Amino acid sequence: MSRSKISIIGGGFVGSTCAHWLLSRDLGDIVLLDIAEGPVQGRALDLLQSSALSRFNPDIKGTANYQDIQGSDIVIITAGRTRSPGMSRDELQNINTEIIRQVCEQVRERAPEAVVIIVTNPLDVMTYVAWKTLAFPSKRVIGMAGVLDSARFKAFVAMKLKVSIQDIQAFVLGGHGDTMVLLPRLCHVGGIPLTELLSKEDIEALVERTKKGGAEIVSLLKTGSAYYAPALSVVEMAEAVLKDKKRILPCAAFLKGEYDVKDLFMGVLCQLGAGGVEKVMEFSMTEAEKKAFQASVSAVRTQVQKLNI
Ligand code: APR
């Protein structure tokens, strides 16, 4: 059986950490591509040398040449700017829209059969830009946000209850930002509903901390944004695709009427397998959850309408 080929566009913090996690799971051979030549080759070489000390012997290459991504099974896009102090959301959106367009024009030519996972923010909007540029079937274009936001919520729940994070099940819907929709009603701790273990006030505090989870890390890091958990969230999705696992994970997927939403990428529960998003999983929401989800949809749609593509 041939090994899978995984290309990562953007070899900065998130991209190179993705490569690290992918290597540690032996998921395939890796191409790490960046517009800036030098550091990306250095990181790839460092990672390659680290495999002398692991059980695996992957091929990993750092490059600035798109020819190297030819025939990739999966393309992970982390290229872009992170938000710097004083930069508005709209400014970031304009800058990263251009970057995603340039990147996706290359991906369309060189890796036409790939499943593409977008990480660049603003996530839901950049996934839309990628899909428009790639012109791939929508099931092969997926945004990473829900896995990360759910992981953050699980971490806060585990810290509060002093239990193993592994025994917590939870998922997050909606856009990746302040309007994300957490569903404590469907969070379980070893099978027990969270609502039976914590007060409403305590749960609300965890929900609020999760919504600001990215910002909390940004303010502590001083420069840049989170990368360990974001990168492993991507790898969890990539593994589901590469191994055709049919996992149920919250991802930004293109909606064609599911959840009463059309023509927009939104965070929903998806079945991920070899084909990408093989199914959008629907379930009944309470009136309050529906309202919060619709507010999140409106926020993302407003941003998408500002695009000039
Ligand atoms: N083509 C390829 N790479 C590019 C391009 C481009 N057109 N433009 C920028 N890059 C590269 C940069 O050179 C840089 O190495 O993208 C990389 C981004 O890396 P970092 O600045 O370290 O940012 P990172 O923390 O990895 O975040 C990347 O993921 O979580 C999101 O909000 C985050 O949008 C951001 C993205």
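The values are calculated or read from the model by the stated rules, or taken from the named source; none is laboratory data. Just so you know, these numbers come straight off a predicted model, no measurement behind them. Here the Cβ positions follow ideal geometry from the backbone for every residue, glycine too, while neighbour counts run over all protein chains shown. Note: areas computed on protein heavy atoms with side chains; ligands, DNA, RNA excluded. Shrake-Rupley method; radii C 1.70, N 1.55, O 1.52, S 1.80 Å.
When you go through GLY38, GLY62, GLY10, GLY15 one by one, which is the residue that is surrounded by 19 or more Cβ atoms within 10 Å (Cβ to Cβ) and on the phi > 0 side of the Ramachandran plot? Break it down into steps so the answer makes sense when it comes.
Details: GLY38 fails: surrounded by 19 or more Cβ atoms within 10 Å (Cβ to Cβ); GLY62 fails: on the phi > 0 side of the Ramachandran plot; GLY15 fails: on the phi > 0 side of the Ramachandran plot.
Matching residue, one of GLY38, GLY62, GLY10, GLY15: GLY10.
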Open item on the list: Exactly one of these conditions fails for GLY177: (1) modelled with pLDDT under 95; (2) assigned to a helix (DSSP H, G or I). Give me its number.
Closed with: (2)
- [ ] Find the residue count for region 10-53, including only residues that are in contact with a Leu (Cβ under 8 Å, 6 or more places away or on another chain), assigned to a helix (DSSP H, G or I) and small (Gly, Ala, Ser).
- [x] 6
- [ ] Can you run down the residue pairs with Cβ atoms below 6 Å, 6 or more apart or on separate chains, where the first is in region 189-200 and without any contact (Cβ under 8 Å) to a residue 60 or more places away in the chain and the partner is part of a loop (DSSP other than H, G, I, E, B) and open to solvent by less than 60 Å² (accessible area, probe 1.4 Å)?
- [x] LEU194/CYS187
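Can you find a residue that is within 16 Å of the ligand (Cβ to nearest atom) and among the charged types (D, E, K, R) anywhere in region 185-204? Quick ask: steps written out before the conclusion?
If we filter region 185-204 for residues that are within 16 Å of the ligand (Cβ to nearest atom), which is where we start, we get none.
Checked against the condition, which is being within 16 Å of the ligand (Cβ to nearest atom) and among the charged types (D, E, K, R), region 185-204 yields no hits at all.
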